[in-house]
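Note sheet for the following structure.
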Amino acid sequence: MGTAVITGASAGLGAEFAQQLAAKGLDLILVARRRDKLEDVGQAVNAAYPQVSVTLIEGDLSKTETPAAIADSISATGVAVHYLVNNAGATGPRMLEDQEVGWSAHQAYLTLMMTSITELCHRLIPTMQAAGYGRVINVASVAGRIPRAGDSHYGPTKAYVIALSEALALTVKGQGVNVSALCPGFTHTDFHATAGMLDMKQSMPSLLWYGAEEVVRDGIRGVEKGQAVVVSGRLYRWLHPFMQSVWTRRLFKG
Ligand SMILES: NC(=O)c1ccc[n+]([C@@H]2O[C@H](COP(=O)([O-])OP(=O)(O)OC[C@H]3O[C@@H](n4cnc5c(N)ncnc54)[C@H](OP(=O)(O)O)[C@@H]3O)[C@@H](O)[C@H]2O)c1
């Protein structure tokens, strides 16, 4: 069936991608910083799908050298990758307020959220083009569609991921390679706990929240259909056309 690389596979959406792509018979290369969590995900996958080969790569994608190291270790094994899920991500420092961390922390965040994704596409998509088959899911967010005050890194990085995916989808059109930006809304994962945002999460209506299983299913289905932008969740699909209208922008001005 082939091999899938999944970044940010130690938790949340990435761990769910591992399960759903293993169910399709793909071998897995799982990337994240926390080896113990990657091992847990790998063991859970192998318990359900013993025939699937799982390789773990520890890597920090906020470091500029990591995508090349990942690509090198894949090519050393001789495995051809035909499925890439650029999923690793987090909230980061606030662009203006968080001065004390120094520019290098901001730079590292932009590397994680944009440069590493771009470099993995740059390094891995040509093999897919040569094979005439490939699937790439870049996990963005509906936050990439709505400019918000105080959110000055996260939303713009996700807007970049959407734009990158749309441009790549057009570039490889007709070559058997599908590229999608997956745009979830609020999703139950570790994301908000890691960011210290559990109070915010608990104060929000439950109808805004979706499960990781549904988001990942939407992403896999969307890339198979060749959709360049996949908005997950019925509510967010309905809201999506309004998100960039001048009226919606007024709502988010404060
Ligand atoms: N949850 C939501 O509401 C939501 C909504 C829209 C979009 N998203 C996007 O969905 C993607 C997955 O997030 P999630 O919700 O599944 O969050 P999560 O449960 O916190 O998982 C984040 C994953 O990213 C990895 N990661 C973070 N920083 C990394 C780094 N520097 N290098 C390598 N891996 C790193 C983490 O692994 P390690 O810590 O082990 O490195 C973890 O596996 C992100 O791109 C996020 O922006 C989430």
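Tabulated results
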{"item": "Residue that is farthest from GLN244 (Cα to Cα), among those in region 126-138 that are in contact (Cβ under 8 Å) with a residue 40 or more places away in the chain and open to solvent by 10 Å² or more (accessible area, probe 1.4 Å)", "result": "ALA131"}
{"item": "VAL179 within 9 Å of the ligand (Cβ to nearest atom) and in contact (Cβ under 8 Å) with a residue 24 or more places away in the chain", "result": "no"}
{"item": "Long-range neighbours under 9 Å by Cβ, at least six apart or interchain, first residue at negative phi within region 221-236, second basic (Lys, Arg)", "result": "VAL223/ARG135; GLU224/ARG135; GLN227/ARG221; VAL230/ARG221; VAL231/ARG145; VAL231/ARG237; SER232/ARG217"}
{"item": "Given (1) at pLDDT below 95; (2) open to solvent by 40 Å² or more (accessible area, probe 1.4 Å); (3) not aromatic (Phe, Trp, Tyr), number of the condition THR187 does not satisfy", "result": "(2)"}
{"item": "Those residues of region 150-181 which are loosely packed, with under 15 Cβ neighbours inside 10 Å and outside any loop (DSSP other than H, G, I, E, B), in sequence order", "result": "ALA163, ALA167, LEU170, THR171"}
{"item": "Residue check, ALA167 over 15 Å from the mean Cα position of the chain (by Cα) and modelled with pLDDT under 95", "result": "no"}
{"item": "Whichever residue in region 3-13 is open to solvent by less than 10 Å² (accessible area, probe 1.4 Å) and over 16 Å from ALA48 (Cβ atoms) and, among such residues, is farthest from the chain's Cα centre (by Cα)", "result": "VAL5"}
{"item": "Evaluation of PRO93 against (1) open to solvent by 40 Å² or more (accessible area, probe 1.4 Å); (2) away from the ligand (no atom under 11 Å from the Cβ); (3) not β-branched (Val, Ile, Thr) (one fails), failing number", "result": "(1)"}
{"item": "Residue list for region 194-209, filter: in a loop (DSSP other than H, G, I, E, B) and at pLDDT 85 or above", "result": "GLY196, MET197, SER203, MET204, PRO205, TRP209"}
{"item": "Test result for GLU39, over 27 Å from ALA149 (Cα atoms), open to solvent by 30 Å² or more (accessible area, probe 1.4 Å) and within 17 Å of the chain's Cα centre (by Cα)", "result": "no"}
{"item": "From the options LEU38, LEU13, residue that is within 13 Å of the ligand (Cβ to nearest atom), closer than 18 Å to ARG217 by Cα and outside any strand (DSSP E or B)", "result": "LEU13"}
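The values are calculated or read from the model by the stated rules, or taken from the named source; none is laboratory data. Bear in mind the structure is a predicted one, so any value in this text is a computation, not a measurement. Note: ideal-geometry Cβ built from the backbone for every residue, glycine included; neighbour counts use all protein chains shown. Surface areas here come from the heavy atoms of the whole protein model, side chains and all, with no ligands, DNA or RNA. Shrake-Rupley method; radii C 1.70, N 1.55, O 1.52, S 1.80 Å.
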